[in-house]
Amino acid sequence: MSIVVKDLSYVYSQGTPYAQTALENVGIEIREGEYLAVVGKTGSGKSTFIQHLNALIKLQSGEIRVFDIDLTAKKPDLRRLRGTVGMVMQYPEYQLFDETVEKDVAFGPKNLALPEEEIRARVKEAIELVGLKYDEVKDRSPFELSGGQKRRVAIAGVIAMKPRVLVLDEPTAGLDPLGKREILALIRRLKETTSPTVVIVSHDMEAVAEHCDRMAVFSGGKILKVAPPREVFYDEALMREAEMDAPSVVKVAKALISRGVSFHNLPVKKEELVKELVERRGR
Amino acid sequence: MSVRFENVTYEYPGEEKSVVAVKNVSLEIADGSFVCVCGENGSGKSTLAKLMNGLLTPSSGIVTVDGETTSTESESALFAIRSKVGMVFQNPDNQMIASIIEDEIAFGPENLGVPREEIGERIAYALSAVGMEEHRHHTPYKLSGGQKQRIAIAAVLAMRPKILVLDESTAMLDPKGRAEVLAVAEELNAQGITVVLITHFMEEAVRADRVVVMSEGAVVMDGTPEEIFRDREKINRYHLELPVPDYLAAELRKEGFPIPEKIFGEEELAEAICRSL
Ligand SMILES: Nc1ncnc2c1ncn2[C@@H]1O[C@H](COP(=O)(O)OP(=O)(O)O)[C@@H](O)[C@H]1O
Ligand SMILES: Nc1ncnc2c1ncn2[C@@H]1O[C@H](COP(=O)(O)OP(=O)(O)O)[C@@H](O)[C@H]1O
Ligand SMILES: [Mg+2]
Ligand SMILES: [Mg+2]
């Protein structure tokens, strides 16, 4: 297990008339090497949950353990935690601040108190990993770059810390189709190289169906189910309760099932549906 | 005709080099139509939108709204054009100024010099058109993204525009918010308002009468959604993404399934697949 969460609850503005419960008894074990999607409608607690994973939000009640780091401890080792769990916030390009791309990306590793040389090497590696040319962009202002490039610089700043777990809050929101594809491909690549465990918050059910191993379905601050996409999207009661929309492929498959077509393997990906139908016709 | 572009080029002046954002575009947007504009980031969509209501004026060529040029010296003529062509942008949080929704909506008509009594009527009309009447006296801060965008649309509607331009107004919303905004746009179009919807979501383009695709400042495709979706080679070249049902239909056709050209949504596709199994 890379991350174990037990009985996690959180209330914003606790003890005031504005108190707002955001999480209620959330429990989950995030496996090392998995690609987990955190899904649910807006306000269901997704962002509050993931911000707990690297202590951007202070634990109020419950337990969280990240590998051997215990967040319930009096003084958890935050520096080591932030080097272990890399967090890419929503619209991270709005958080770029430094005058050059190189300095911006170096901010995280500097906080890890690494030797100067190591920092430089990591910054270069991270910039290249996100698909930008180090020599071309390092001295440029991040503000001159295109939206998609800015987002990649922001991600580079996180992966330069070489986190074992990469957490991203709606990483493709607002991008054009090519930008989306590039970011999803980048996350795949990072998963295979620097950060084997990936947690993404997403409303893009097509992308979740294509890429993720499991989904954690949030509703009203609780986790309703943690399961592979196939077991989530075909669970009618769950989908209704979480007010979620199935990916298009699943909608087509459900419409076929209601017309008497049966499937060996319930499809969630485009090629799965096409393959099932071609095989069926061949029989 | 409502908006007409004739050989329009727009160049952003720059210190070192200027950027030609719109290149020799000729285009006519018919009264009452629902037009979708797609294309990669940086292809010139927002510049095109700003040329439609005189926020920008052409470097060369001419843009007319109801026959009046946007390149006018007259303040009052420009004002008339701006109130005819209403714009809603991407970020719902950057568009609110007032702390009470009704004041937010009143802002435009007040600037137009609309009499007090009539402003009240316009607020009521605009809020009911977007289904937000019960929020009239509330603050906008607590609204969801979709609700904020509906208020932004209402603020534009209070100017009684003929044309509504939505520049990626659904991009930052969750699926529910997107559906809300689209439903409002379709309803307004049904009532006769011309809608120009700029979007990356091809599922949204399915509903349009016409899809215009931009690339590097030029219009590179222009046709009905079916005509656009049929051209896989260009869809790939301009980095567009087919709506999933249309993608599946194309893949199944390749495998020899007799799926008709025009497929609208998942149910129709399932129907066609059943007939061919
Ligand atoms: N800073 C905050 N102050 C008060 N309430 C908040 C704050 N951030 C989120 N909330 C509330 O907590 C709940 C969960 O929000 P959030 O974790 O942002 O959900 P999601 O990411 O799924 O949209 C919502 O009811 C939201 O309004
Ligand atoms: N204010 C500006 N100054 C200089 N260049 C700009 C400005 N706004 C946009 N551009 C440039 O004009 C081109 C078209 O931009 P835009 O119309 O915003 O495209 P889109 O909306 O399709 O992303 C891009 O190359 C962009 O960088
Ligand atoms: Mg969130
Ligand atoms: Mg734009």
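Checking the structure you have, find out if any residue of region A:265-282 is away from every other protein chain (no Cβ under 12 Å) and modelled with pLDDT under 95.
yes
Kindly establish whether A:Lys150 is within 14 Å of chain B (Cβ to nearest Cβ), among the basic types (Lys, Arg) and either touching a Leu at 6+ places or on another chain (Cβ under 7 Å) or open to solvent by less than 20 Å² (accessible area, probe 1.4 Å) (or both).
Yes.
Pull up region B:168-192, narrow it to residues that are within 16 Å of ligand 2 (Cβ to nearest atom) and open to solvent by 10 Å² or more (accessible area, probe 1.4 Å), then point me to the one that is modelled with the highest pLDDT.
Residue satisfying both the conditions and the ranking: B:Glu168.
When the residues of region B:234-277 are narrowed to those that are outside any helix (DSSP H, G or I) and among the β-branched types (Val, Ile, Thr), which ends up modelled with the highest pLDDT?
B:Ile259
Restricting attention to region A:162-205, which residues are away from chain B (no Cβ under 14 Å) and of a type in the set (D, E, K, R)?
Within region A:162-205, A:Lys162, A:Arg164, A:Arg188, A:Arg189, A:Lys191, A:Glu192 qualify.
Got a number for residues in region A:46-62 being over 14 Å from the mean Cα position of the chain (by Cα) and within 14 Å of ligand 3 (Cβ to nearest atom)?
Selection size over region A:46-62: 2.
All but one of (1) farther than 18 Å from B:Glu267 by Cα; (2) assigned to a helix (DSSP H, G or I); (3) within 14 Å of chain A (Cβ to nearest Cβ) hold for B:Glu227; which doesn't?
All conditions pass for B:Glu227, except number (3).
Please enumerate the residues belonging to region B:225-238 that are surrounded by 18 or more Cβ atoms within 10 Å (Cβ to Cβ) and either within 16 Å of ligand 1 (Cβ to nearest atom) or not aromatic (Phe, Trp, Tyr) (or both).
Answer for region B:225-238, where residues must be surrounded by 18 or more Cβ atoms within 10 Å (Cβ to Cβ) and either within 16 Å of ligand 1 (Cβ to nearest atom) or not aromatic (Phe, Trp, Tyr) (or both): B:Pro225, B:Ile228, B:Ile235.
Enumerate the helices (runs of 4 or more DSSP H) found wholly within region A:70-145, keeping only those where 3 or more residues are over 28 Å from A:Arg181 (Cβ atoms).
A:78-84, A:101-111, A:116-129
I'd like the full set of residues that are of a type in the set (Gly, Ala, Ser), within 14 Å of chain A (Cβ to nearest Cβ) and in contact with a helix residue (DSSP H, G or I) (Cβ under 6 Å, 6 or more places away or on another chain), limited to region B:153-183.
Hits for region B:153-183 are B:Ser169, B:Gly177.
Residues of region A:229-261 being part of a loop (DSSP other than H, G, I, E, B) and surrounded by 15 or more Cβ atoms within 10 Å (Cβ to Cβ), which ones?
Residues satisfying the conditions are A:Tyr234, A:Asp235, A:Ala242, A:Met244, A:Asp245, A:Ala246, A:Pro247, A:Val261.
With respect to the numbered conditions (1) within 14 Å of chain B (Cβ to nearest Cβ); (2) closer than 20 Å to A:Gly33 by Cα; (3) touching a helix residue (DSSP H, G or I) at 6+ places or on another chain (Cβ under 8 Å), which one is the sole condition not fulfilled by A:Ser219?
Failing condition for A:Ser219: (2).
Among the residues of region A:262-283, what is the count of those that are open to solvent by less than 40 Å² (accessible area, probe 1.4 Å) and over 15 Å from B:Ala270 (Cβ atoms)?
Count: 1.
How many residues are modelled with pLDDT of 95 or more, closer than 16 Å to B:Val195 by Cα and open to solvent by 50 Å² or more (accessible area, probe 1.4 Å) if we restrict to region B:1-32?
Count: 4.
Which residues, taken from region A:1-52, are part of a loop (DSSP other than H, G, I, E, B) and either near ligand 1 (Cβ under 8 Å from one of its atoms) or crowded, with 19+ Cβ neighbours inside 10 Å (or both)?
Hits for region A:1-52 are A:Ser2, A:Ser13, A:Tyr18, A:Gly40, A:Lys41, A:Thr42, A:Gly43, A:Ser44, A:Gly45.
List the helices (runs of 4 or more DSSP H) that sit entirely inside region B:33-117 and contain at least 2 residues that are surrounded by fewer than 16 Cβ atoms within 10 Å (Cβ to Cβ).
It comes to B:75-84, B:101-112.
Restricting the search to region A:53-72, which residues are without any contact (Cβ under 8 Å) to a residue 40 or more places away in the chain and open to solvent by 40 Å² or more (accessible area, probe 1.4 Å)?
A:Leu56, A:Lys58, A:Asp68, A:Asp70, A:Thr72, listed by residue number.
Looking for whichever is in contact (Cβ under 8 Å) with a residue 40 or more places away in the chain, touching a Leu at 6+ places or on another chain (Cβ under 7 Å) and assigned to a helix (DSSP H, G or I) here; the options are A:Leu190, A:Leu166, A:Leu186. Which one fits?
The conditions single out A:Leu190.
Scan region B:7-32 for residues that are within 22 Å of B:Asp66 (Cβ to Cβ) and either within 9 Å of ligand 2 (Cβ to nearest atom) or part of a loop (DSSP other than H, G, I, E, B) (or both) and jot them down.
Selection gives B:Tyr10, B:Val22, B:Ala30, B:Asp31, B:Gly32.
Tell me the strands (runs of 3 or more DSSP E) entirely within region B:136-224 that contain at least 1 residues that are more than 16 Å from ligand 1 (Cβ to nearest atom) and under 17 Å from B:Gln90 (Cα atoms).
In region B:136-224, B:163-167, B:194-198 are the strands (runs of 3 or more DSSP E) which contain 1 or more residues that are more than 16 Å from ligand 1 (Cβ to nearest atom) and under 17 Å from B:Gln90 (Cα atoms).
Out of (1) polar (S, T, N, Q); (2) open to solvent by 60 Å² or more (accessible area, probe 1.4 Å); (3) in contact with a helix residue (DSSP H, G or I) (Cβ under 9 Å, 6 or more places away or on another chain), what's the single condition that is false for B:Ser215?
(2)
Mind listing whichever residues of region A:153-170 are open to solvent by 50 Å² or more (accessible area, probe 1.4 Å) and at pLDDT below 95?
Residue satisfying the conditions is A:Lys162 alone.
Return the residues of region B:197-228 that are closer than 22 Å to A:Thr172 by Cβ and either at pLDDT below 95 or of a type outside the set (A, V, I, L, M) (or both); say none if nothing qualifies.
Selection gives B:Thr199, B:His200, B:Phe201, B:Met202, B:Glu203, B:Glu204, B:Ala205, B:Val206, B:Ser215.
The values are calculated or read from the model by the stated rules, or taken from the named source; none is laboratory data. Given the structure is predicted, the values throughout are model-derived calculations rather than measurements. Cβ: placed from backbone, ideal geometry, glycine included. Neighbour counts: every protein chain shown. Surface areas here come from the heavy atoms of the whole protein model, side chains and all, with no ligands, DNA or RNA. Shrake-Rupley method; radii C 1.70, N 1.55, O 1.52, S 1.80 Å.
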